[in-house]
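Single-structure report; data block below.
The values are calculated or read from the model by the stated rules, or taken from the named source; none is laboratory data. Predicted model only: the values in this text are computed from it and were never measured. We place every Cβ from the backbone using ideal geometry, glycine too, and count neighbours over all the protein chains shown.
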Amino acid sequence: MTQDNGDLDSLVRKRIRALRVAQGWSLEELATRAQVSQSTLSRIENGQRRLALDQLVVLARALDTTLDQLVETAAEDVVVSPTIDARHGLMRWPVRADPGMSVVRQRMTNPPPAGTARMRAHPGREWLVVLSGTAILLLGNRRVRVETNQAAEFPTILPHAIGAEGGPCEILGIFDRDARRGHQRGDDT
């Protein structure tokens with residue numbers, strides 16, 4: 001990375017310092033962890049030394065982040081608009097997360113489907129947090145009531161379905177890589 005990318009260069013330097021400070025580390029401690037001299041690290045943070053890719057990789061690793069996260073720009077919108085799934089009575093707000101995970105905010109208005117024919121089973125693990133209202137989680141032969149500020153975690157290899165009880169509910173669903181794939185293959189949530 002060269003100095004002519006002024007905005008990105010400055011942003012990366014600020015992130016390095018902010019991550020170091022957030023960890024409660026001195027310049028000396030991060031320099032030791034990254035195996036660079038303290039003066040080199042100081043000059044990197046202060047803009048007095050050119051940012052080199054090999055040093056950024058080492059610093060990212062020492063700061064327990066990725067190079068991608070260290071240099072990513074905020075070009076994407078901060079405000080996320082919902083998408084409407086009228087067929088299933090859902091409103092979804094996609095949330096960016098680790099590439100292996102998916103986080104989706106959903107507004108549900110329909111109760112869970114009756115019977116096991118509409119329940120899904122696939123590899124993976126899922127977590128849900130009820131933000132408002134009451135959700136019903138059908139999990140195998142169990143019917144679990146999850147209320148506002150409660151959460152549930154379950155292996156998605158068990159047949160499952162989720163719906164609202166007594167009016168709309170809003171949930172935050174978190175899917176690991178396998179659960180996400182299982183939900184993407186089908187029509188249902």
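Hey, among Arg143, Arg180, which residue is at negative phi and more than 24 Å from the chain's Cα centre (by Cα)?
Arg143
Give the residue that is nearest to Gly163 (Cα to Cα), with candidates limited to residues of the stretch 90-147 that are among the polar types (S, T, N, Q) and modelled with pLDDT under 85.
Here the answer is Thr116.
Looking only at residues in the stretch 16-53 that are within 19 Å of Glu72 (Cβ to Cβ) and among the charged types (D, E, K, R), which one is farthest from the chain's Cα centre (by Cα)?
Among residues in the stretch 16-53 that are within 19 Å of Glu72 (Cβ to Cβ) and among the charged types (D, E, K, R), the one farthest from the chain's Cα centre (by Cα) is Glu45.
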